[in-house]
Amino acid sequence: MLRQAPSRKLLKSTVDLSSLKRWRHKMAVVSKKAWHKILPLFSVVILIALWQAIAVWVNNPFILPRMEPVWEVLSKPFEDVLGQGSLIYNIFLSALRVVLGFSVAVLIGVPIGLWLGSYNTPYRMFFPLVEMLRTICPIAFIPFAMAVFRFYTLPNMVGVRYSNTFLDDVMLGMLFVLFWGAVFPIVINTVSGVHGVKQLYVETAETLGASGRKIFWKVTYPAALPSIMTGLRVGAGVAWMVVIAAEMLPGSDSGIGYLIIYGYQLAQMHVLVAGMFCIGLVGFLLNKGLYYLSITTSRWQAKER
Amino acid sequence: MIPVTQHSTAFQIVDVKKTFDTADGRQVQALDGVSFEVEAGQLVCMVGPTGCGKTTLLRLMAGLETPTGGQILLEGKPVVRPGADRGMVFQQYSLFPWRTVLKNVTFGLEMKGLPKKDQLKRARRAIQQVGLNKFEKAYPYELSGGMQQRVAIARALVNEPQILLMDEPYGSLDESTRLKLQDVLLALCRDHQKTVLFVTHSLDEAVYLSDRVVVLGGMPGQVVGDLTIDMPHPRERVSQQFVECLLHIRQVIADSALNDNGVDLVPVQRLNGHLPTPGPCCFQDIEPQRKNP
């Protein structure tokens, strides 16, 4: 008893000390993480400062605008820009086109990819064609799409001339071009995902009593999912790039791509730069969003490596 | 020395041949006329040097491959495709990495279309049998190799197959895990009367586990030895009986390597003049195999 008393006291104090230590360690980890989050912002600050310095040196707003007028546009995203609607309106229109074109690409590309990946004869028959067609740049399809789909919009498809919604600004030709840009990365990644499914998993499922369709949905599909998600990410990125280019070409009258080419035509360089900034920001967020979606659906794959 | 109790036959392997076509158009014969029978409730180990067709034979029994000659009968009916009546544990880590431990184990029951509640109940019981109840929510990448193999065993057991086919399941594990899992397997067999076919490289493992050891040898593979091991469990690895069995099997493997090629391919010490007297382990009378032309 005598000997136990001090030792218990000692024990208690060490527990306190270690919990304090643990807390300190935790705080150190947290602050390190926060620091890592902040670090990339410095590069942005450096870029802006560099830009401003060169703009001041060039001193010609028709070549290189300063940050102040650019910020003037960016800070009022809901106000009209050059009579073409607000920044938000134009971004929204571009995003709507991408979402619609991309969705069609997913709905068609994933099933086609799963089909080509699962059966040998269709794969041998069609995959070389896919490899050939994908090399035709989606931008090159714009004149073709304009000729074929003319000025048809989505509501026109169901016999409505004007629906008085945003859909009046979504032209079929544009959707086709976006679909073309997004569908190939999706198909190709889905096929490679299906081909990459380990035979071991299929055999395991067979010995556990699975067959045919069940193997496909319970083994092939989940095993290929990470690769499919990669395809979606790449496809969405391509669609976002293509929509900007498509909006800059003749026949377009709205969207963020149109806004920057219009700013160029009126020599409003600050509008152009503000538009470019928005394009970068949306593209960044799109990629991040899809990235988080892909790790939540296939966390196991990232951890397995 | 041969067990006197009457057993029904689980597997009948009749003159099985297997030839593979390689990618460059050649043909490789893996098995050349293998015949033996496996009694229900026995734990049979298959041993032999690399390339003797042990794994091929097991895959044929599982129905993952079809024989090019002869046939494999399971309770009188030929094996044509894999099925839930034969649980299989692979050498490689075969857990589905996108499923948790629990979901891996319920896979077979999902395929049977059991109600969710029963699935969970049976899966939890199976996980408990291999001692991993704390890890049912973990993903395979969070487990060590030994734990993954235990889950794979639980996943095979949950379907309650009468037959377990195990293809070097402990081959890539460290020694202590290996010994532990051997006891896990023996306990499962004791409690559930399974027929187990166990492929292994380790003679020690074979003698420790099995009621009978089938020695395959040669290229293409043939049965070169068939021994019954009649020792009570738990077996003592350093007992004289145990070591004698071990040496005996070694001798069989070494002899078969000599017979085939005239060269001693198996780097084991020759045991000239020291053949253990028929004691706890003894040869069954097997017919002499055909020699390769």
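Taken together, the values in this text are just the output of simple stated rules run on the coordinates, not laboratory data. Source: prediction; values computed, not measured. Virtual Cβ from ideal backbone geometry, glycine too; neighbours counted across all protein chains shown.
Mind checking which of A:138, A:40, A:128 has the largest fluctuation in a GNM of chain A, springs on alpha carbons under 10 Å? Between A:138, A:40, A:128, it is A:40 that shows the largest mean-square fluctuation.
Quick one: net charge around residue A:168, please, counting Lys, Arg +1 and Asp, Glu -1 for every other residue with C-beta under 13 Å from its C-beta.
On the way: positive: A:97, A:161; negative: A:169, A:253.
Here the charged neighbours net out to 0.
The simple spin-label model puts a point 7 Å past each Cα toward its Cβ; for residue A:115 and residue B:160 those points are separated by 4.3 nm. Charged neighbours of residue B:85, selected by a Cβ distance under 13 Å, balance to +2 (K, R count +1; D, E count -1). The range B:52-123 and the range B:182-241 have Cα centres separated by 21 Å.
Against the compact-protein benchmark of 2.2 N^0.38 Å, the Cα-based radius of gyration of chain A scales to 1.40. Across the protein assembly as shown, Cα-Cα pairs farther apart than 36 Å form 57% of the total.
If you take every DSSP beta bridge whose two residues both sit in the protein assembly as shown, what share of them, in percent to the nearest 5, is antiparallel? Numbers along the way, then the final one.
Details: 28 of 46 bridges.
Of all bridge pairs located within the protein assembly as shown, approximately 60 percent are antiparallel.
Restricting to chain B, compute how many DSSP beta bridges are antiparallel as a %, nearest 5. Percentage antiparallel, nearest 5: 60.
Can you tell me the relative contact order of the range B:92-160? Whole percent, Cα pairs under 8 Å, sequence separation 6 or more.
Details: 83 pairs, mean separation 34.1, N = 69.
Relative contact order comes out at 49 percent.
Rounded to the nearest 20 debye, what is the charge dipole size of chain A about its Cα centre when +1 sits on each Lys and Arg Cβ and -1 on each Asp and Glu Cβ?
So the dipole magnitude of chain A works out to roughly 2360 debye.
Beyond 26 Å, what percent of the Cα pairs of chain B remain?
Values: 19657 of 42778 pairs.
Pairs farther apart than 26 Å: 46 percent.
Among A:135, B:106, A:207, B:68, rank each residue by its count of other Cβ atoms within 10 Å, from fewest to most, as a rough exposure measure.
On the way: A:135 8, B:106 23, A:207 28, B:68 15.
Taking fewest neighbouring Cβ atoms as first place, the list is A:135, B:68, B:106, A:207.
So for the range B:51-99, averaging the separation of alpha carbon pairs under 8 Å that are six or more residues apart and normalising by length, what relative contact order in percent results?
29
Pairs of Cα atoms nearer than 8 Å and 6+ residues apart set the relative contact order; for chain B it is 22 percent. Here the sum of -39500 (n - 2.57) over DSSP H runs of 4 or more residues, divided by the residues of the protein assembly as shown, equals -18000 deg cm²/dmol at 222 nm, to the nearest 500. Other residues lying with their Cβ under 14 Å from the Cβ of residue A:291 contribute a combined charge of +3, Lys and Arg counting +1, Asp and Glu -1.
Beyond 22 Å in Cα-Cα separation lie the following of the pairs A:218/B:18; A:218/B:54; A:214/B:112; A:218/B:117; B:134/B:180: A:218/B:18; A:218/B:54. Taking a ≥ b ≥ c as the square roots of the eigenvalues of the Cα gyration tensor, an a/c ratio of 1.5 or more together with a/b no larger than b/c marks the range A:7-165 as oblate.
Can you tell me the FRET efficiency between residue A:58 and residue A:36 if r is taken as the Cβ-Cβ distance and R0 is 35 Å, rounded to the nearest 0.05?
Details: r = 35 Å, r/R0 = 1.01.
It comes to 0.50.
Once the Cα atoms are used to define both axes, helix B:175-192 deviates from the longest principal axis of chain B by about 80 degrees.
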